[in-house]
1. Treating only the Cβ of Lys, Arg, Asp and Glu as charged (+1, +1, -1, -1), what charge dipole size does the chain show about its Cα centre? Round to the nearest 20 debye.
2. Rank His189, His169, His148 by mean-square fluctuation in a GNM of the chain with C-alpha springs under 10 angstrom and give only the top-ranked residue.
3. Please list, in order along the stretch 171-179, the HN-Hα scalar couplings obtained from phi with the Karplus expression 6.51 cos²θ - 1.76 cosθ + 1.60 (θ = phi - 60°), rounded to whole Hz, x for Gly and Pro.
4. Under a 10 Å cutoff between Cα atoms, tell me which one of Val93, Val36, Val244 has the largest fluctuation in the Gaussian network model of the chain.
5. If R₀ is 41 angstrom, what is the calculated FRET efficiency for the pair Ile194 and Ser11, using the beta carbon separation as r and rounding to 0.05?
6. Given R₀ = 45 Å, what would the calculated FRET efficiency be for Arg185 paired with Tyr146, taking r from the Cβ atoms and rounding to 0.05?
7. Which of the residue pairs Lys55/Lys135; Lys135/Lys165; Lys114/Lys201; Lys3/Lys135 have a Cα-Cα distance greater than 31 Å in the structure shown?
8. For a quick check of your reading of the filter: which trypsin sites (Lys or Arg not before Pro) in the stretch 99-176 sit in a DSSP loop and have no more than 11 other Cβ atoms within 10 Å?
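The values are calculated or read from the model by the stated rules, or taken from the named source; none is laboratory data. None of these values were measured; they are calculated from a predicted model. We place every Cβ from the backbone using ideal geometry, glycine too, and count neighbours over all the protein chains shown. Quick note on the areas: whole protein, heavy atoms, side chains included, nothing else; ligands and nucleic acids left out. Shrake-Rupley method; radii C 1.70, N 1.55, O 1.52, S 1.80 Å.
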Amino acid sequence: MKKQRLIPPASSKVNLADYDPDYTGDYDKQTARDEVRQMQERLQVLQEMLYAQGKHALLIVLQAMDAGGKDSTIKKVFEGINPQGVFVTSFKVPTDEELGHDFLWRIHRSVPRKGHIGIFNRSHYEDVLVTRVNKLVSKQECVRRYQHINAFERLLTDTGTHILKFYLHISKDEQKERFQDRLDRPDKHWKFSIGDLEVRKDWDCYMEAYADALSECNTDYAPWHIVPANRKWYRDVVITRAIVETMEGMGLAYPEPEKDLDKVKIKD
Ligand code: AMP
Ligand code: MG
């Protein structure tokens, strides 16, 4: 299989047709699953050190089309991680209060504090995706928003927050299969919404909007990862690895203990 890059080169124009959603590199399902399990053990330790040290924060942004696997990524990758210190925020259609502020207001309030991991299930990128496709903002306004987003992410990374952004790339056929599964299985009906079919009609417009967002907001301090996501096991291994590698690079350590702990005697 021809090697496919995960992070597009900075300041290049992304063409999503160059990224195969079926790509699985050198992996097979079993190897990928085993590796995820191994890396999760390391992730548990790293997350505990992040929490104990309280110096860094990690923000993980997940974006995808409907049925792209955002929910199941969260469930799978963070399996067995101490829920203390990990916070998921799912961004929905903005409320009246949120619409009364700038588009980054609700986002900024939800970024993780130091010591925490914050996971965004959808994000500020909706404000240059769904809003653009539905013509709630002009193309010109979108260009300004890319700049605001880049400046905002710069502020976060300058102040101790590491940012990992994942676009879960599925094909239109794969989405159809996953929608069908949601229709066929009563336990999955709750995940299906008729409105998703309307969004599906705009698939090509979304791909264009995604390509622009992935091109304009792919910085060295907050890079986009284009994750081939038709195979869930490959998606999971790619994302888990990126998280573990980022955290390994943070210089995490347990904080210095209080002085003279070795002399402490606990009375009966
Ligand atoms: P779900 O993630 O399936 O629960 O759906 C959430 C819905 O909220 C999706 O249809 C998103 O497109 C929509 N949404 C999220 N953020 C925004 C936003 N900033 N503007 C408009 N719609 C949004
Ligand atoms: Mg949905």
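1. Values: 42 positive and 43 negative charges, 28 e Å.
Rounded to the nearest 20 debye, it is 140 debye.
2. Among His189, His169, His148, the largest GNM mean-square fluctuation belongs to His189.
3. Per-residue couplings from phi come out as 8, 5, 5, 5, 4, 4, 4, 5, 4 Hz.
4. Between Val93, Val36, Val244, it is Val93 that shows the largest mean-square fluctuation.
5. Numbers: r = 40 Å, r/R0 = 0.97.
Efficiency, from the Cβ-Cβ distance: 0.55.
6. The pair Arg185/Tyr146 has a calculated efficiency of 0.70.
7. Checking Cα-Cα distances, Lys55/Lys135; Lys114/Lys201; Lys3/Lys135 exceed 31 Å.
8. Those satisfying the criteria are Arg109, Lys135.
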